[in-house]
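**Q** Here's a structure for you.
The values are calculated or read from the model by the stated rules, or taken from the named source; none is laboratory data. Everything numeric here is computed off the predicted structure, so don't read it as measured data. Every residue, glycine as well, gets a Cβ built from its backbone with ideal geometry; the counts of neighbours run over all protein chains shown. Quick note on the areas: whole protein, heavy atoms, side chains included, nothing else; ligands and nucleic acids left out. Shrake-Rupley method; radii C 1.70, N 1.55, O 1.52, S 1.80 Å.
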Amino acid sequence: MPALHEIQQSFGRGLRSGDFGAVAASVTHPARLSIYRNHFLISLGEALAATYPAVKAAVGEACFSGLARRFVLANPPVAPVLAEYGAEFADFLADQAEVAGLPYLPDLARLEWAMNRAAVAADAPSVGLPELAAIAPERLTASRLAQHPAIALVDSAYPVSALRDAVLAGEGFDLTGAREECLLVYRRDGAVALRNMDAGGFALLRGMFEQGRPLGQAFEAARLSEAELASVLAMLGEIGAITGVEFDHER
Amino acid sequence: MRAPLSTGVGLRTPHSAAFAARRPKVGFLEIHAENYLGGGPARAALEDLRRDYPLSIHAVGLSLGSAEGVDADHLARVSALVERLAPALISDHLSWSAVDGTYFNDLLPLPYTIEALRIVAENVARVQDRLRRRMLIENPSRYVGFRGAAMSETAFLAELVERTGCGILLDVNNLHVSAHNLGGDAEAAIADLSSAAVGEIHLAGHARVEADGETILIDDHGSAVDAAVWRLFESAAARFGHAPALIEWDSNLPSLDVLVAEAEKADRCRATVEARRHRARAA
Amino acid sequence: MKTTTLLIASAVSAALAMPLVAQAQAKTENCYGIAKAGKNDCKTANSSCAGTSKKDAQTDAFVAVPAGLCEKIVGASLQPRKS
């Protein structure tokens, strides 16, 4: 019998390709190897369907299962935690010819991924506004504010949260003349929450949280007024979005 | 914490709210480690329930049979969870799930060879060293066997216990499913296992599927425990009277009442077995 | 004109004095709460056994045309997404 690592590599190639090669000769019931392959594709397809219910409702069961199968084969999991599997699905959808006529689909998937992550992201204690106020202004301006792990920013040329509601309710949606949407996804009181942001506040959060800019730079780049900044900070404080204040090493 | 003897159930999140509201009497709750490695509401609900129920952490993703070894990142996360929840029991399977950087989300079969025994023993020892706990290893449902295996599954498990000090999680449904699918004697396997090594017993439903002119049993955890598996459980309960039992139900999830009733049925079955043993001793 | 540092300092002070409103303005989704099913388990998918003898490698690439609610989602321009 071949060495275990060789068997497992050959088995793994079989699961991915359907051709079990040398493994078929080593097992008692070669035809049943397809049970393992089917389980690999079906169970991961079910995990994707649980993460992306609105995408599934939009394209229908048959189309979704084909897309999921193709995705699983192209992007199989690299780690065991299935709640963390499928991050690349939105980008994958943007490249699939069969759904090219549904230009809102990748954004719908981005929103669903952000909500899925928000539900299971690690818990973290937040830094409140009084703690920010206690920091010397020069140091605060130069600091980077760390986001809660559940926070995500999703923007779309389409009103993607309303579209998601409609699709999950089994209804259609008219996108004619619809406006773009900037969403803050977070977790509060045991539930995932969505909040609409205006473009300036959204740009601030993007600068701080996604680009990792110091507060002062992110604020300048977002071109917010003092009052606008105050209301964004009040909102971040209230939802516990900030979990740390990082200072660059003294130069 | 000692594991209780009355039968437990697998905690599935759709039942979390009903558990929290009604606190039904079951011996303990078992969770899949991989579903609780993050935070959020499901984790918070578990933290609440663990005040009222002993816990068992059943990992599904350590891939103890991997020739490439156990994934260090995943082990670190499972270890942190074990430290936080201080469960009565910890277990994973006699199978493998990952190779060449891909995780296949399945309990894939191992050839029961001397080489595989060495590899699984190294992996189990590594996990036990990290967790600083004895773990239980579960016999999986199998659909294929390997030609040229050096030993039976029970001999492999016995040798693994010998080498690592681990215990056995005996899944009697898996035993029945594998015996049917591959040809084998589940009763003989129960008789062969060392009584001291078995630390937990699993019960679950399976499906009968006709394919290619043969009947294959699929371990789908989607129904009540089958009559043949209850008969095996009687034998297991008679031999491993100290090991707590657990009902697993994952697909076609029933109401919590039905799940709890299945656990009560296991308790009644054990009581009957125990009474029979007392009578036999008295006679 | 105030410097960035001064603007930020006074915005933090102003934020401290603001009433709590964020939660009231948000839309919460309880379906992502405790009832959301865990995705890892140790069962075998029941339908894994279907067609074990059939060579299905050629179906790996097949994707059916969309036929869900998307037929009722109208008015999307086919312009590429902004960003």
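**Q** Normalised by the number of residues in chain B, what is the relative contact order in percent for Cα pairs under 8 Å and 6+ residues apart? Could you put the intermediate results ahead of the total?
**A** Details: 503 pairs, mean separation 49.7, N = 283.
Relative contact order for chain B comes out at 18 percent.
**Q** Which peptide among B:116-125, B:16-25 comes first, and what is the full order, when sorted by highest mean count of other Cβ atoms within 10 Å?
**A** Numbers: B:116-125: 20.4, B:16-25: 14.9.
With the highest mean Cβ count within 10 Å placed first, the list reads B:116-125, B:16-25.
**Q** How would A:T176, B:T102 line up by accessible area, probe 1.4 Å, largest first? Spell out each step's value before the answer.
**A** Numbers: A:T176 95, B:T102 10 Å².
Final ranking, largest accessible area leading: A:T176, B:T102.
**Q** Once you charge only the Cβ atoms, +1 for Lys and Arg and -1 for Asp and Glu, what is the size of the charge dipole of the protein assembly as shown about its Cα centre, to the nearest 20 debye? Write down the numbers at each step before the final one.
**A** Values: 59 positive and 73 negative charges, 206 e Å.
Dipole about the Cα centre, nearest 20: 1000 debye.
**Q** Angle, helix A:33-51 long axis vs. longest principal axis of chain A, Cα atoms, 0 to 90°, nearest 10?
**A** 20
**Q** Non-local amide H neighbours of B:E30 (under 5 Å, H modeled in plane, Pro and chain starts lacking H): which ones?
**A** B:V9, B:G10, B:L11, B:S56
**Q** Can you figure out the FRET efficiency of C:E71 with A:A227, using R₀ = 45 Å and their beta-carbon distance, to the nearest 0.05?
**A** Computed FRET efficiency for C:E71 and A:A227 comes out at 0.50.
**Q** Provide the gained length on full extension for the span A:A22 to A:E131, in nm with one decimal, where the gain is 0.36 nm per separating residue minus the Cα-Cα distance. Walk me through the numbers before you get to the answer.
**A** Numbers: separation 109, 0.36 × 109 = 39.24 nm, distance 6.33 nm.
Using 0.36 nm per residue and subtracting the Cα-Cα distance, I get 32.9 nm.
**Q** Just to be sure I understand the model, the point goes 7 Å from the Cα along the line to the Cβ. What's the resulting B:E115 to B:L131 distance in nm?
**A** Reported label-point gap for B:E115 and B:L131 is 2.8 nm.
**Q** Distance from the Cα centre of the range B:24-103 to that of the range B:146-187, in angstrom?
**A** Distance between centres, Cα-based: 22 Å.
**Q** If N is the number of residues in the range A:1-102, what value comes out of its Cα radius of gyration divided by 2.2 N^0.38 Å? Before the final figure, lay out each step's value.
**A** On the way: Rg = 15.7 Å, N = 102, 2.2 N^0.38 = 12.8 Å.
Against the empirical 2.2 N^0.38 Å value, I get 1.23 for the range A:1-102.
**Q** If you don't mind, there's one more thing I want to ask. Long-range amide H contacts for A:Q147: which residues qualify at under 5 Å (H placed 1.01 Å from N, peptide plane, sequence gap of 5 or more or a different chain)?
**A** A:T243
**Q** Just to verify a number: FRET efficiency for C:Q25 and B:A283, C-beta to C-beta distance, R0 = 56 Å, to 0.05? Working shown, then result.
**A** Numbers: r = 76 Å, r/R0 = 1.35.
It comes out at approximately 0.15.
**Q** A follow-up question, please. What does the charge count around C:L7 come to, taking other residues whose C-beta lies under 11 Å from its C-beta (Lys +1, Arg +1, Asp -1, Glu -1)? Provide the component values of the computation, followed by the final result.
**A** Working: positive: C:K2; negative: A:E220, A:E226, A:E228.
Once all neighbours under 11 Å are counted, the net charge is -2.
**Q** Considering amide H positions built from the backbone, and no H for Pro or chain starts, which residues 5 or more places from B:L136, or on another chain, come under 5 Å of its amide H?
**A** Amide H neighbours of B:L136: B:I90, B:S91, B:D92, B:G167.
**Q** Placing unit charges on C-beta atoms (Lys and Arg positive, Asp and Glu negative, everything else neutral), compute the dipole magnitude of chain A about its Cα centre in debye, rounded to 20. Numbers along the way, then the final one.
**A** Numbers: 20 positive and 30 negative charges, 163 e Å.
My answer is approximately 780 debye.
**Q** Put a dot 7 Å past each Cα toward the Cβ at A:E246 and B:L182; how far apart are the dots in nm?
**A** Each label point lies 7 Å from its Cα, and together they span 4.9 nm.
**Q** Any chance you could check the Cα centroid distance between the range A:138-198 and the range A:6-53 for me, in angstrom?
**A** 37
**Q** Also: Tally the DSSP beta bridges in the protein assembly as shown and give the antiparallel ones as a percent, rounded to 5.
**A** 50
**Q** Next question. For the range B:185-199, take each phi angle, set θ = phi - 60°, evaluate the Karplus expression 6.51 cos²θ - 1.76 cosθ + 1.60, and give the result in whole Hz per residue in order, putting x for glycine and proline.
**A** Result, rounded to whole Hz: 10, 5, 4, 5, 5, 4, 5, 7, 5, 6, 4, 5, 6, 7, x.
**Q** Which whole-number percent gives the relative contact order of the range A:114-251, counting Cα pairs below 8 Å spaced six or more residues apart?
**A** Numbers: 204 pairs, mean separation 51.0, N = 138.
RCO, the range A:114-251: 37 percent.
**Q** Give a residue-ordered list of calculated ³J(HN,Hα) values for the range B:6-17 (Karplus: 6.51 cos²θ - 1.76 cosθ + 1.60, θ = phi - 60°; whole Hz; x for Gly, Pro).
**A** Along the range B:6-17, the couplings run 6, 5, x, 9, x, 7, 10, 3, x, 8, 3, 5 Hz.
**Q** Mind grabbing the accessible area of C:M18 for me, 1.4 Å probe, Å², rounded to tens?
**A** Using a 1.4 Å probe on the heavy atoms, I get roughly 70 Å².
**Q** If one takes the accessible area of chain A alone plus chain C alone and subtracts that of the pair, with a 1.4 Å probe, what total in Å², rounded to the nearest 100, results? Let's see the in-between values first.
**A** Details: alone 13910 and 8860 Å², together 16860 Å².
For chain A against chain C, roughly 5900 Å² becomes buried.
**Q** With +1 on each Lys and Arg Cβ and -1 on each Asp and Glu Cβ, how big is the dipole of the range A:114-251 about its Cα centre, in debye rounded to the nearest 20?
**A** Details: 12 positive and 19 negative charges, 46 e Å.
Computed about the Cα centre, the dipole is about 220 debye.
**Q** I would also like to ask the following. Which of these, B:V209, B:V273, B:V177, has the largest mean-square fluctuation under a Gaussian network model of chain B (Cα springs below 10 Å)?
**A** Maximum among the listed residues: B:V209.
**Q** Which whole-Hz ³J(HN,Hα) couplings does the range A:92-105 yield from phi under the Karplus relation 6.51 cos²θ - 1.76 cosθ + 1.60, θ = phi - 60°, glycine and proline marked x?
**A** Couplings: 4, 4, 5, 9, 8, 4, 5, 10, 5, x, 10, x, 7, 4 Hz.
**Q** Turning to a different aspect of this structure: Give me the distance between the Cα centres of the range A:59-104 and the range B:203-260, rounded to whole Å.
**A** 33
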